[in-house]
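**Student:** Quick one: the structure is below, questions incoming.
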Amino acid sequence: MTVRAAWLQTTGQTREDTRLTLAALLTPSGQSAEEAQLRSRPGVVPGGLVLTGSSPMQCTIGAGRAIVQGKDTAQGAYLVAVTSPELLTIADGDPMYDRIDLIELAVLDDAYDRTGVTEAVVRLVKGVPAASPVAPATGPGSTIPLYTVLVPKGISAGAGGIQWNTSAVTTLHWPVVALGGILPASGFKGAYVGQYRDTAGLLQRWDGTTWVSYPKPVGGIAPSTTTNGAYTGQYRDNGGGLQRWNGSSWQYVEGASTVLFSATQWLTTQAQSVAPNTWTVLNLPTVEVDEATGWTTNNTYTVPRTGWWRVSAHATWANDAQTGMRGARVMVAGVGQGRLTWLTPAGNGAISVGGSSLIRLVAGETLQLAGFQSHTAAIKTLGGSGYACTLSAEWIKS
């Protein structure tokens with residue numbers, strides 16, 4: 001018979017019939033063409049068969065469930081449950097060399113492997129001591145490797161025993177889930193189109209050729225850890241700011257993620273004396289808003305994001321004298337900007353001079369407000385009584 005069914009015939013259903021048909025509920029192996037249809041992915045149901053050191057030279061393998069695919073495809077897959085911890089004793093170390101022991105889950109089926117035994121076991125396979133030891137070959141039957149244990153030379157219960165919570169123990173087994181389940185693992189190709197896996201917290205789908213991260217097919221917003229976009233137009237959340245992949249780099253989205261900054265010199269006690277005929281950087285001690293934490297001193301703002309910015313600036317001057325000019329200028333990386341420079345004659349009263357403009361800035365450049373006056377002696381800026389010196393900036397678009 002090449003077509004088999006479970007629990008159909010009134011008599012005659014074999015164990016092989018049952019294993020092969022129940023495998024319809026299991027994830028196919030799919031790691032090679034010949035494995036695609038009748039071989040199931042072996043492995044341990046997540047969370048099971050945990051190794052715990054119980055004494056210097058003994059460990060337990062905890063309860064759990066697993067799938068063991070038979071060596072012969074016709075065997076089908078064996079569903080195995082370890083219902084209580086299994087105790088294993090490690091032999092003392094060799095006097096001269098280290099060795100590596102193997103712990104594995106095995107299904108022995110005499111009908112196929114001619115071992116004379118039919119049972120499922122957790123067993124220890126002792127390695128061979130050597131200057132450069134390797135794990136021993138698996139034992140008879142159909143198996144899943146669970147762990148290797150490095151047994152140092154001369155080790156015993158009296159000599160400290162195995163250090164179970166160190167790199168002496170290496171986990172070899174892999175997780176397995178039912179058909180359609182999301183597999184918490186990586187490092188293997190998918191078994192069928194539409195299979196999902198969770199790798200390092202990122203959901204991926206097998207498209208028949210490669211694993212595709214979840215945001216690609218559905219247009220979802222990728223996490224900030226996504227270094228390169230999967231397609232033009234993909235979005236990612238970068239620390240609360242929305243970015244769009246333009247095919248070669250991430251660009252912040254216009255209108256979707258602003259950056260605001262504003263600092264002011266507005267108290268009378270903050271007034272600053274400015275010498276004549278030189279552009280002098282003004283101190284702005286009061287910060288109203290700084291969403292990117294770019295204001296690191298009293299007079300310098302470090303641009304956090306490349307793109308077009310709307311920059312506004314004003315310098316207000318006290319009525320210390322009525323001659324000469326009064327000015328304000330925005331400095332970018334220490335260089336005055338022509339489109340952000342303003343001058344006006346002095347008058348009989350306080351003078352406020354400034355304005356705003358769009359300017360393209362590069363992340364890492366600095367912004368400063370400088371004041372200028374051409375009277376013959378020093379003049380103070382003016383704060384209080386409704387006057388202030390101020391510098392503000394707003395990111396507009398990439």
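The values are calculated or read from the model by the stated rules, or taken from the named source; none is laboratory data. None of these values were measured; they are calculated from a predicted model. Glycine gets a Cβ as well: all are built from the backbone with ideal geometry, and neighbour counts include every protein chain shown.
**Student:** Look through 295, 279 and report the one residue that is in contact (Cβ under 8 Å) with a residue 24 or more places away in the chain and within 30 Å of residue 238 (Cβ to Cβ).
**Tutor:** Of 295, 279, the one residue that is in contact (Cβ under 8 Å) with a residue 24 or more places away in the chain and within 30 Å of residue 238 (Cβ to Cβ) is 295.
**Student:** Please indicate, with yes or no, whether at least one residue in the stretch 322-341 is touching a residue at least 24 places away in the same chain (Cβ under 8 Å), on the phi < 0 side of the Ramachandran plot and hydroxyl-bearing (Ser, Thr, Tyr).
**Tutor:** Yes, the stretch 322-341 has at least one match.
**Student:** Quick one: is residue 149 farther than 18 Å from residue 43 by Cα, touching a residue at least 60 places away in the same chain (Cβ under 8 Å) and assigned by TED's automatic domain parsing to the domain that holds residue 80?
**Tutor:** Yes.
**Student:** Go through (1) closer than 23 Å to residue 163 by Cα; (2) within 34 Å of the chain's Cα centre (by Cα); (3) of a type in the set (Gly, Ala, Ser); (4) surrounded by 14 or more Cβ atoms within 10 Å (Cβ to Cβ) for residue 55 and report which single condition fails.
**Tutor:** If we test residue 55 against (1) closer than 23 Å to residue 163 by Cα; (2) within 34 Å of the chain's Cα centre (by Cα); (3) of a type in the set (Gly, Ala, Ser); (4) surrounded by 14 or more Cβ atoms within 10 Å (Cβ to Cβ), just (2) comes out false.
**Student:** Give the residues of the stretch 371-389 that are within 49 Å of the chain's Cα centre (by Cα) and crowded, with 23+ Cβ neighbours inside 10 Å, sorted by residue number.
**Tutor:** If the condition is that a residue be within 49 Å of the chain's Cα centre (by Cα) and crowded, with 23+ Cβ neighbours inside 10 Å, then 371, 383, 389 are the ones that fit.
**Student:** Determine which member of the set 68, 50, 117 is surrounded by fewer than 16 Cβ atoms within 10 Å (Cβ to Cβ) and closer than 15 Å to residue 145 by Cα.
**Tutor:** Among 68, 50, 117, only 50 is surrounded by fewer than 16 Cβ atoms within 10 Å (Cβ to Cβ) and closer than 15 Å to residue 145 by Cα.
**Student:** For the stretch 149-208, what are the residues that are among the aromatic types (Phe, Trp, Tyr) and surrounded by 14 or more Cβ atoms within 10 Å (Cβ to Cβ)?
**Tutor:** Selection gives 164, 174, 188, 196, 206.
**Student:** Still on this structure, I have one more. Taking the stretch 125-149 as the region of interest, how many residues are assigned to a strand (DSSP E or B) and farther than 16 Å from residue 60 by Cα?
**Tutor:** Residues flagged as assigned to a strand (DSSP E or B) and farther than 16 Å from residue 60 by Cα within the stretch 125-149 amount to 4.
**Student:** Just checking: which of the strands (runs of 3 or more DSSP E) contained wholly in the stretch 155-268 hold 3 or more residues that are touching a residue at least 40 places away in the same chain (Cβ under 8 Å)?
**Tutor:** Details: elements: 169-171, 196-199, 202-206, 211-213, 235-238, 241-245, 250-252, 260-265.
Fully inside the stretch 155-268 and qualifying: 260-265.
**Student:** Of all residues in the stretch 306-331, count the ones that are surrounded by fewer than 19 Cβ atoms within 10 Å (Cβ to Cβ) and of a type outside the set (Gly, Ala, Ser).
**Tutor:** Looking only at that region, the number is 8.
**Student:** Inspect all residues belonging to the stretch 285-296 and state whether any of them is in contact with a Ser or Thr (Cβ under 7 Å, 6 or more places away or on another chain), assigned by TED's automatic domain parsing to the domain that holds residue 373 and in a loop (DSSP other than H, G, I, E, B).
**Tutor:** Yes; the residues of the stretch 285-296 include at least one that is in contact with a Ser or Thr (Cβ under 7 Å, 6 or more places away or on another chain), assigned by TED's automatic domain parsing to the domain that holds residue 373 and in a loop (DSSP other than H, G, I, E, B).
**Student:** If I filter the stretch 258-268 down to residues being under 19 Å from residue 362 (Cβ atoms) and surrounded by fewer than 19 Cβ atoms within 10 Å (Cβ to Cβ), which single residue comes out as modelled with the lowest pLDDT? So that I can check it myself, show each step before the final result.
**Tutor:** The initial filter retains those residues of the stretch 258-268 that are under 19 Å from residue 362 (Cβ atoms), namely 258-261.
So of that shortlist, the ones also surrounded by fewer than 19 Cβ atoms within 10 Å (Cβ to Cβ) come out as 258, 260.
Values: 258: 74, 260: 90.
Here the answer is 258.
**Student:** On the given criteria, is residue 142 at pLDDT below 95 and farther than 19 Å from residue 68 by Cβ? Reasoning before the result, please.
**Tutor:** Values: at pLDDT below 95: yes; farther than 19 Å from residue 68 by Cβ: no.
When the stated conditions are applied, residue 142 does not pass them.
**Student:** Another one. Restricting the search to the stretch 223-242, which residues are modelled with pLDDT under 85 and either crowded, with 19+ Cβ neighbours inside 10 Å or basic (Lys, Arg) (or both)?
**Tutor:** The answer is 241, and nothing else.
**Student:** For the stretch 329-352, state whether one or more residues are of a type in the set (Ser, Thr, Tyr), over 19 Å from residue 267 (Cα atoms) and part of a loop (DSSP other than H, G, I, E, B).
**Tutor:** No, every residue in the stretch 329-352 fails to be of a type in the set (Ser, Thr, Tyr), over 19 Å from residue 267 (Cα atoms) and part of a loop (DSSP other than H, G, I, E, B).
**Student:** Condition first: surrounded by fewer than 17 Cβ atoms within 10 Å (Cβ to Cβ) and either closer than 21 Å to residue 387 by Cβ or modelled with pLDDT under 90 (or both). Now tell me which residues in the stretch 294-304 satisfy that.
**Tutor:** 296, 297, 298
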